[in-house]
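Quick notes on the structure that follows.
The values are calculated or read from the model by the stated rules, or taken from the named source; none is laboratory data. Just so you know, these numbers come straight off a predicted model, no measurement behind them. Glycine gets a Cβ as well: all are built from the backbone with ideal geometry, and neighbour counts include every protein chain shown.
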Amino acid sequence: MRASSLFTPPPNMTDAMRRARRHMLARTGLAWLVMMQVMMLAFPGYLRHGARAPDAQQSLEQAIVLMNWLSLVLCVPLVLYCAWPVWRGACRALSRRRVGMDVPVALGILAAFVPSVVATWRNAGEVYFDSVSMFVAFLLTARFLETCARQAVSGQPHESRDVELLRSADRLAFWFVCLQILLAAVVGLYWWNVQPDHAVAVTVALLVMSCPCAMSMSVPSALAARHAARLRAGADGVRDPAALDRAMRRVARQNLHGSLAWHLLMAPLAACGWVQPWVAAITMLLSSLAVAANAWRLTRPVDGGAGGRQAAAQPV
């Protein structure tokens, strides 16, 4: 039997699901390639404020201008193609007069990309192409993990308690997004009046952190882990199904509450201007990976032969 994990393709995978996974993987891979190149191009900008001779400083400024234009060229397909699911989801949510998780993501990308284009065109001001590329790449990575987790449990029967867990996670993510957008707007206006040079960076950091990727995949990843543990158990079945269900719900709550606590901890730091947009992007990815790792514990075999049967009986 093929080894099962949180992200093993389900046996009932349809062509539409397979295309969705393939396209998302292609977008994610391209986003990572662009991100790595843009990060290298952004390196001269990190050296701008060092002490050096006037002629060396002039050469550095010329290099920065060239690197900014190259970064702009690379970020155009990133924003238009790689982030296309974000624009589609945001437009769909706004057309229904709803605030989905794609709306703050779209706002975050626009808030960083548009001022960077203007600064590059005018050759004045800060650019955030590195933050844009990191955000899109890390976001698509988290979305790919979430898609795999949701596909792994698609078509599987769920108890009413499982459905309620999914609904509670969606409700929490919805209200979190609404409050984060409001916080970003208020804090952004404050910084615009107090210190305009930092207003864009603070607003972008808050919008990046408003993406509830970890919360959205908290319950699906736990459900996928339970399904993987059942598959690992094989024909003999899980030794204690009730214990596995309790462990799944416990892990789901840990993921949901832990990701919320992480966001609440980082939000005041970002509002104070202590978190750069690229740092916010990294924290967003780390929280999603932490959720996946915590759910994966349900699938760990305790011994070589028992597989998920023994793991299900262990306290989590």
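The single residue among Val34, Val73, Val65 that is modelled with pLDDT of 95 or more and surrounded by fewer than 16 Cβ atoms within 10 Å (Cβ to Cβ) turns out to be Val73. Does Ala137 meet the test of being aliphatic (A, V, I, L, M) and within 24 Å of Phe174 (Cα to Cα)? Yes: the conditions hold for Ala137.
Output yes when any residue across the range 132-143 is surrounded by fewer than 20 Cβ atoms within 10 Å (Cβ to Cβ), of a type outside the set (Val, Ile, Thr) and out of contact with any Asp or Glu (no Cβ under 6 Å at 6 or more places or on another chain), and no when none is. Taking every residue of the range 132-143 in turn, none turns out to be surrounded by fewer than 20 Cβ atoms within 10 Å (Cβ to Cβ), of a type outside the set (Val, Ile, Thr) and out of contact with any Asp or Glu (no Cβ under 6 Å at 6 or more places or on another chain). Among the residues of the range 257-276, write down those that are surrounded by 12 or more Cβ atoms within 10 Å (Cβ to Cβ), assigned to a helix (DSSP H, G or I) and small (Gly, Ala, Ser). If the condition is that a residue be surrounded by 12 or more Cβ atoms within 10 Å (Cβ to Cβ), assigned to a helix (DSSP H, G or I) and small (Gly, Ala, Ser), then Gly258, Ser259, Ala267, Ala270, Ala271 are the ones that fit. Is it the case, given these coordinates, that Val132 is part of a helix (DSSP H, G or I) and either more than 21 Å from the chain's Cα centre (by Cα) or farther than 16 Å from Tyr81 by Cα (or both)? The answer is no for Val132. Selection over the range 198-215 of residues that are under 11 Å from Phe176 (Cβ atoms) and in a helix (DSSP H, G or I) gives a count of 3. For the range 15-28, taking the residues that are surrounded by 14 or more Cβ atoms within 10 Å (Cβ to Cβ) and not hydrophobic (A, V, I, L, M, F, W, C), the one that is modelled with the lowest pLDDT is identified as Arg21. Taken residue by residue, the range 224-244 has no member that is part of a loop (DSSP other than H, G, I, E, B) and touching a Pro at 6+ places or on another chain (Cβ under 7 Å). When the helices (runs of 4 or more DSSP H) confined to the range 1-109 are screened for residues that are free of Cβ contacts under 8 Å to residues at least 24 places away in the same chain and more than 27 Å from Ala119 (Cα to Cα), those reaching at least 2 such residues are found at 15-41, 84-95.
Test Arg253 against the criterion of being under 28 Å from Ile181 (Cα atoms) and either of a type in the set (Lys, Arg) or modelled with pLDDT under 85 (or both), and give yes or no. Yes.
No other residue among Val187, Val204, Val194 is free of Cβ contacts under 8 Å to residues at least 12 places away in the same chain and either of a type in the set (A, V, I, L, M) or buried (at least 24 other Cβ atoms within 10 Å of the Cβ) (or both) apart from Val194.
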